[in-house]
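One structure is given here, and the rest of the page talks about it.
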Amino acid sequence: MRIYKAALCVMLAGVLVTNVDAKKKPVYKDASRPVEERVEDLLSRMTLEEKVGQMNQFVGVEHIKANEAHLSPEDLKTNTAQAYYPGFPAPVIEQWTKDGVIGSFLHVLTVEEANYLQSLAMQSRLQIPIMFGIDAIHGNCNCPDNTAYPTSIGLASSFNTDMAYTIARQTAKEMRAMNMHWTFNPNVEVARDARWGRCGETFGEDPYLVTKMGVELVKGYQGDMDSDDVLACIKHFVGGSQPINGTNGSPTDLSERTIREVFFPPFQAGVEAGALSLMTAHNELNGIPCHSNDWLMTDVLRGEWGFEGFVVSDWMDIEHIHDLHATAENLKEAFYQSIMAGMDLHMHGVYWNELVCELVREGRIPESRIDESVRRILGIKFRLGLFEQPYADAEKTMEVRLCDEHRQTALDAARQGIVLLKNEGLLPLQESKYKKVLVTGINADDHNILGDWTAAQKPENCVTILEGLRMVSPETEFVFVDQGWDPQGMSQAKVDEAVEVAAACDLNIVVAGEHMFRDHWTRKTCGEDTDRSDLNLVGLQQELVERVYATGVPTIVVLVTGRPLSVEWISENIPALLNAWEPGMYGGQAVAEILYGKVNPSAKLPMTMPRSVGQGQIIYNHKPSQYFHPYVVTPSTPLYPFGYGLSYTEYEYSDLTLASQEMAADGSLKVSVKVTNKGDMAGDEIVQLYLRDKYSQVTRPVKELKDFARISLQPGESKVVEFTITPDKLMYLDRKMNPIVEAGEFIVMVGPSSDDKDLMSASFWVK
């Protein structure tokens, strides 16, 4: 705090400088002038060093200080979460900020540090403000004291696009209250390999669902792109969610057809929704690193889609063109390849400025190419109002962050994102029947429910599952046996203790799953850079579940995880199974409310759950031949299919109606279905519409999600849900990779999941 308070006078001086008489203002400091004019005026005044500095991002000085104390230069080569700059301590970075050769920071976690670094930038010659980026993946909860919503996989389970928009708007407000302007989100990769640790950052396996959720986040973050909004960043472009061995950043080898039909649509939709930054992927794509891939960044992104924002690298990935992918002989060549392919902004490192300036002076990179990138970056800074409002009010920051409205949204989102997978009449629980309940498991009383990309939060800002149970059912005696937070370090003695207690209880609740919390980076089993060669419960968790169940006492399993897990034994034997994903700060309350019937579960799986890792890739929208020859010994069917999720009430689908049996190739077709709540409890149902092109020039998936609707029904109530089939829902790429709406028969399927047995179907013809 000392340096921040000491800088107050400097901040005030900067304000005075920027508030000079309008007649003396240069054009770029005149807020009344068009952004384009301001950009060109400022660009004309900048040195080459200042321009290149706008294209570089550094980690914050407090991050540097914290990590140079315990990380070695060797550690930095493989660490993708922490950093410092050997030979360049924090004072050097502070001086470069004063010199105006740093344009952006990340890993700045407090409003005080952000304001301090901004005050240094206000001492520079041109007073170009810093743009602060942060991984606000599910709220700005990578910083303490911010609302932690469910992670993206849980949000996707709600199929609630309005909720996605609301969370993004609230996140933008909390970020601006901390002087943060740019979130590295949404992650619109299509997750097609459960081994990959970053599934929880995504919206699942289906391109349509990913697209719909991603677009709403872009709109919510960016708003009107003014001083109340933040810059969205669609990432990671592209293919990293289907790595050849399931590990983050490993090679991806995909056909152009698969790229364009599966992986491109969410990105293209994000661009069309107005996203103004995009992050390239760690991986190589078909032999070319994404960070030097001119086909991706220039031909497709700007040429085909008309992208007007800037492209940012991922963590040290331009360097990896040299030291990992080995397609550049040195750093200088790596920087050259990346910039000329279309890269605009480098995350992060100290050698960029010097080497890029050398490349320009040598004539290898035209200064006009540098100007292109800097125009894009400066334009964003002007639009966000940073030149007029470089600081946030640290005194008022908590008036916005963690406010009651945002907390309520976090709770509502958790309630809507928890999937009930199995219930053999045990749920909802009757308080009068179960007086003494064992609660155990690694995630029973742990802040791990907050999910990946979350800093440690104060106890009052997180309701664990144990706390939620005691809150929702205060008369019940909950006996807790702590298994610790680390599944890899579980104690046999604690498992034995839980089994002993279980036998004396009326009900047992085991909260199992994975550990995602970043504070325990080397012990995580899920999340970024935490990939798996199997999908089983880690450690002694399976033994714990089996032995507790063997006591003969009714048992419930709750999963807290960022990826689908293979829990076939649990599915076959345990009478009630709940998948909570990473439900956020009020996840414990939401889980308890569902278990006790205070909330009727409504969520549906956005990813298929396999029986075992050997089934991967297992996706609902597979090609017809994928299971022509089934597996021997084990079933080929998934454990739980995409779109699946139970309720405490029963929904009946009837009267599937097509307005016509024919549709023009440039026309539309209305489809309606009647949904009735046949039970005695109000609930929400997610009605899903799938399409299949029966015969086509190239092979097509057996079904594809093309629309959905979330509806609320009282007991006995019926609603007619109407969908409209439009040409874009029928379009695919023909043999010559041209988009086509093909004449012929199409099958429309409507129901509560992607499983054939759950779907009503009808046919229509495109003429």
Unmet criterion (only one of (1) more than 18 Å from Asn179 (Cα to Cα); (2) in contact with a Lys or Arg (Cβ under 8 Å, 6 or more places away or on another chain)) for Phe387: (1)
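Run down Gly441, Gly451 and say which single residue is within 30 Å of Trp521 (Cβ to Cβ), surrounded by 18 or more Cβ atoms within 10 Å (Cβ to Cβ) and touching a strand residue (DSSP E or B) at 6+ places or on another chain (Cβ under 6 Å).
Sole residue among the options that is within 30 Å of Trp521 (Cβ to Cβ), surrounded by 18 or more Cβ atoms within 10 Å (Cβ to Cβ) and touching a strand residue (DSSP E or B) at 6+ places or on another chain (Cβ under 6 Å): Gly441.
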Does Val463 count as farther than 18 Å from Cys526 by Cβ, part of a strand (DSSP E or B) and either in contact with an Asp or Glu (Cβ under 9 Å, 6 or more places away or on another chain) or among the aliphatic types (A, V, I, L, M) (or both)? no
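Is it true that some residue in the range 397-409 is touching a strand residue (DSSP E or B) at 6+ places or on another chain (Cβ under 8 Å) and of a type in the set (A, V, I, L, M, F, W, C)? Even if it seems obvious, please write down each step before you answer.
Here is the first cut: in the range 397-409, the ones touching a strand residue (DSSP E or B) at 6+ places or on another chain (Cβ under 8 Å) are none.
Checked against the condition, which is being touching a strand residue (DSSP E or B) at 6+ places or on another chain (Cβ under 8 Å) and of a type in the set (A, V, I, L, M, F, W, C), the range 397-409 yields no hits at all.
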Taking the range 310-335 on its own, how many of its residues are more than 23 Å from the chain's Cα centre (by Cα) and farther than 14 Å from Asn293 by Cβ? 11
Filtered residue count, the range 45-69, keeping only those that are touching a His at 6+ places or on another chain (Cβ under 6 Å) and more than 13 Å from Ser104 (Cβ to Cβ): 1
Would you call Gly468 small (Gly, Ala, Ser), under 30 Å from Asn248 (Cα atoms) and surrounded by 20 or more Cβ atoms within 10 Å (Cβ to Cβ)? no
Condition (residue is in contact with a Leu (Cβ under 7 Å, 6 or more places away or on another chain) and either over 27 Å from Ile449 (Cβ atoms) or not charged (D, E, K, R) (or both)) applied to the range 621-639: is it met by at least one residue? no
Criterion violated by Lys736 - all others in (1) in contact (Cβ under 8 Å) with a residue 40 or more places away in the chain; (2) more than 29 Å from the chain's Cα centre (by Cα) satisfied: (1)
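What number of residues within the range 407-430 satisfy the criterion of being in contact with a Gly (Cβ under 8 Å, 6 or more places away or on another chain) and either more than 21 Å from Ser602 (Cβ to Cβ) or outside any loop (DSSP other than H, G, I, E, B) (or both)?
Number satisfying all stated conditions: 7.
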With the requirement that a residue be crowded, with 16+ Cβ neighbours inside 10 Å and either under 20 Å from Met663 (Cα atoms) or over 29 Å from the mean Cα position of the chain (by Cα) (or both), what does the range 739-757 give you? Ile740, Val741, Glu742, Phe746, Ile747, Val748, Met749, Val750
Could you list, in sequence order, the residues of the range 687-715 that are aliphatic (A, V, I, L, M), closer than 18 Å to Glu650 by Cβ and touching a Ser or Thr at 6+ places or on another chain (Cβ under 9 Å)? Leu713
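Here are some residues: Gly683, Gly614, Gly679. Which one is of a type outside the set (S, T, N, Q), within 22 Å of Leu426 (Cβ to Cβ), surrounded by fewer than 19 Cβ atoms within 10 Å (Cβ to Cβ) and at pLDDT 95 or above?
Criteria check complete, one pass: Gly679.
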Answer from Glu399, Glu405, Glu424, Glu388 - the residue that is within 22 Å of Ser152 (Cα to Cα) and among the acidic types (Asp, Glu): Glu405
Quick one: count up the residues across the range 547-593 that are of a type outside the set (Gly, Ala, Ser) and under 25 Å from the mean Cα position of the chain (by Cα). 18
If you scan the range 110-157, which residues turn out to be over 14 Å from the mean Cα position of the chain (by Cα) and among the hydroxyl-bearing types (Ser, Thr, Tyr)? Thr110, Tyr116, Ser119, Ser124, Thr147
Which listed residue, of Phe184, Phe105, is in contact with a strand residue (DSSP E or B) (Cβ under 7 Å, 6 or more places away or on another chain), aromatic (Phe, Trp, Tyr) and closer than 22 Å to Cys199 by Cβ: Phe184
Quick one: in the range 100-159, which of the residues that are among the aromatic types (Phe, Trp, Tyr) and touching a His at 6+ places or on another chain (Cβ under 7 Å) is farthest from Arg45 (Cα to Cα)? Tyr149
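Would the range 620-627 turn up any residue that is within 22 Å of Phe159 (Cβ to Cβ), out of contact with any Ser or Thr (no Cβ under 9 Å at 6 or more places or on another chain) and either aliphatic (A, V, I, L, M) or in the same structural domain as Arg563 (by TED's automatic domain parsing) (or both)?
The first filter runs over the range 620-627 and keeps only residues within 22 Å of Phe159 (Cβ to Cβ), leaving 620-622.
Filter again for out of contact with any Ser or Thr (no Cβ under 9 Å at 6 or more places or on another chain), leaving 622.
Those still in the list that are either aliphatic (A, V, I, L, M) or in the same structural domain as Arg563 (by TED's automatic domain parsing) (or both) too: 622.
Yes: the range 620-627 contains one or more residues that are within 22 Å of Phe159 (Cβ to Cβ), out of contact with any Ser or Thr (no Cβ under 9 Å at 6 or more places or on another chain) and either aliphatic (A, V, I, L, M) or in the same structural domain as Arg563 (by TED's automatic domain parsing) (or both).
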Look at Met731 and say whether it is at negative phi, surrounded by fewer than 16 Cβ atoms within 10 Å (Cβ to Cβ), under 33 Å from the mean Cα position of the chain (by Cα) and not acidic (Asp, Glu). yes
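Yes/no per residue for (1) charged (D, E, K, R); (2) more than 17 Å from the chain's Cα centre (by Cα):
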{"residue": "Thr211", "(1), (2)": "no, no"}
{"residue": "Gly239", "(1), (2)": "no, no"}
{"residue": "Asn245", "(1), (2)": "no, yes"}
{"residue": "Arg257", "(1), (2)": "yes, yes"}
{"residue": "Glu261", "(1), (2)": "yes, yes"}
Matching option when the condition is within 24 Å of Phe203 (Cα to Cα) and of a type in the set (Val, Ile, Thr), among Ile747, Ile740, Ile725: Ile725
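The values are calculated or read from the model by the stated rules, or taken from the named source; none is laboratory data. Keep in mind the model is a prediction, meaning the values are calculated, not measured. Cβ: placed from backbone, ideal geometry, glycine included. Neighbour counts: every protein chain shown.
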